[in-house]
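The values are calculated or read from the model by the stated rules, or taken from the named source; none is laboratory data. Not measured: the values here are computed from a predicted model. With ideal geometry, Cβ positions are generated from the backbone for all residues, glycine too; neighbour counts draw on all protein chains shown. We work out accessible area using only protein heavy atoms, side chains counted, and drop any ligands, DNA or RNA first. Shrake-Rupley method; radii C 1.70, N 1.55, O 1.52, S 1.80 Å.
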Amino acid sequence: MRAERFWRGVAVSEGLALGRVLRLHGGESQNIYRATLDRQDIEREVTRFQAAVELSRRQLLSIKERAELALGAEHAYIFDAHLLMLEDRKLLDEVEAYIRRERANAEWAVRVAADRLLAVYEEIKDDYLRERSSDIEDVTRRLLVALSGAPHTRRVTADAIIVAEELLPSAAAELDFAHVRAVATDAGGWTSHTAIIARGLGVPAVVGLRELYRHARTGDEIIVDALRGEVILHPAPRTVARCREEMAGLRRPAARRSGLALAQASEPLRTLDGVEIALRANVELPAEYEGVRRFGAQGIGLYRTEFLLSQRGRMPTEDEQCEAYLEVAALAGAEGAKVRLFDLGGDKLSADDVGAERNPALGLRAIRFCLQREDVLRTQVRALLRAAARGRLDLVLPMISDVAEVRRARRIIEEERARLQREGREFGALKTGAMIEVPSAVVMADALARAVDFFSLGTNDLVQYLLAVDRGNDEVADWFRTLHPAVLQSIRRTLAAAETASIPANVCGEMAATPAYAVILIGLGARDLSMAASSIPRVRRALAAVDAERARETAAECLACETADEVEELVRVRLGTAWPQLFPPNSLPAPKRER
Ligand code: PEP
Ligand code: MG
């Protein structure tokens, strides 16, 4: 029996789970190692490579068949290019020769051959050939996954615990999340995508585990303890017994609590002193939709549309998008849904035609990509305008850093509206808002508030950009200080600009999902919060039991602090004194640690 191993990380989605590891390859992020083979193993390695080529070929043929049926032959041609590459004898011979000559493992040989080919294509600098580069990357990735023996389609067993370096939406889209018990990843922090996805689905998650992925094997027994921020691999029988006991204990009060939450959910939320607060849901994956009604969300405060791309691996058509937006509008009901334009790049999915960037968080992402690829933007806008004829939808512009971007986007929206009218097609009214998540947008908040119909305050990126700290890098998690005075002053400034211009402002970053932070947000003047649906009950419980006026006094004190440490200490003392039942000492943000 293997010895129990223990990892400490950051708990980002509450709960405790016992199950079996399902290792998930991150595709690109897969580490390719170099091994030197013994002579007698060389031919076996060549055969292993040939089997991977055959497996990839069969996968591609079946994908191509499905694509042809669903989309027509003209869209399935891309897979022909991939198939041709797998049949290209020159490439295959090169890999096999490399394995034999260098006594190298197949993964390494594939990577070397692909990199050589890519280098040649890079040199030529031709648009068509650049497109071919992404085909090479795609086929290479498929081959590497085939060599790893990992299943390409993720049939998830009932006790699966996902272990990955990072859980990206593209990988999550391939999973049947109904069976996933928990998630544990090497990278990530409270606002990383892994965390957002896990909270959205209501599954326990611990991130920032560094080397877990390397040590875990699919099928290993594992405990994810997101109450303590721990993961235990190969747990000993007595650890398993203790975990089972604790899980049984957790189930009882949780069931009672959620019953209470559901009973209250339909009533509007008011603080003790009668201030009305809207709690909306953030959604991305369809698996999250079910929680929107169950947890009593007042519509959808943020729909992250990037999922539409990860699902299909290409830009969805206008009709496909229109259908997806109608589904979200129906789910949101009378309160409506705020649909954000593709927020590509950075920590999100990358658009195929944006090559590797040195600094993607500061690169061609979000609104910049949309304005550069007007065809993509116009298609999305048309789909939204059409869907708005039959449901209440708003449009959100991501990562705005300049009023000029709003003006350009609004002009395009106007042009598409006029075009639909000329075409005699049905369309609806679409309010346009801006994500406030870049420091320059905060500085220009007054002007921006005059240019849009509403603000969506994205605290995840706001903290990242304001404090210059990567939201997904656990190495710098101690610098990701949500309660930094600069963050609080920026939020106050943004909310004040919205008040002056009489436009609504919704706070949709992860900050709103943590009860103590939500109280501070209310104190700063926020009245409209949006979060993973599964977080709504606990935020509702907290806000229903506090005074907005007292929260305002505490927030005012926080705004006068000079350091994040001071604010965190102040919040701990003030909230713990005012509402000790709600905020016992260990429930408040730990110093120097996110959350
Ligand atoms: C944010 O940045 O706070 C936000 C809500 O958007 P995302 O997490 O998708 O970047
Ligand atoms: Mg953002």
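Numbers below:
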quantity	calculated
Whole-Å semi-axes of the chain's equivalent ellipsoid (Cα gyration tensor)	41, 32, 21
Relative packing of 528-540, 239-251, which averages over residues the other C-beta atoms within 10 Å, highest first	528-540, 239-251
Candidate aspartates and glutamates for bridging to K90, where Cα separation is under 15 Å - those fewer than 8 sequence places away on the same chain excluded	D115
Prolate/oblate/rounded call for the range 271-582, Cα gyration tensor, a/c under 1.5 rounded	prolate
Compactness index (Cα Rg / 2.2 N^0.38 Å), the range 466-583	1.04
Debye, to nearest 20: dipole size of the range 271-582, +1 on Lys, Arg Cβ, -1 on Asp, Glu Cβ	900
Mean separation of Cα contacts under 8 Å, 6 or more apart, over the residue count of the chain: relative contact order %	14
Computed E for E4/E123 - FRET, C-beta separation, R0 56 angstrom, nearest 0.05	0.60
Förster radius 45 Å - calculated FRET efficiency between R217 and D93, Cβ distance, rounded to 0.05	0.85
0 to 90° range, to nearest 10: angle between helix 73-87 axis and the chain longest Cα axis	50
Potential extension, A556-D115 segment - 0.36 nm per residue separation minus Cα distance	153.1 nm
Ordering of 466-473, 455-462 by packing [mean C-beta count within 10 Å, highest first]	455-462, 466-473
Fraction of beta bridges assigned by DSSP in the chain that are antiparallel (%, nearest 5)	35
The range 197-243, relative contact order [Cα under 8 Å, separation at least 6], %	30
Per-peptide average of other Cβ atoms within 10 Å, ordering 393-403, 35-45 highest first	393-403, 35-45
Heavy-atom accessible surface of the chain: percent carbon and sulfur, 1.4 Å	50
Angle between the chain longest axis and helix 42-71 axis [Cα atoms, degrees, rounded to 10]	60
Crossing angle, helix 403-422 versus the chain [Cα axis fit, 0-90 degrees, rounded to tens]	80
Residue-span extension gain [Q40 to R58] - 0.36 nm each, minus C-alpha spacing	3.6 nm
Surface per residue (accessible, 1.4 Å probe) for the chain, Å²	44
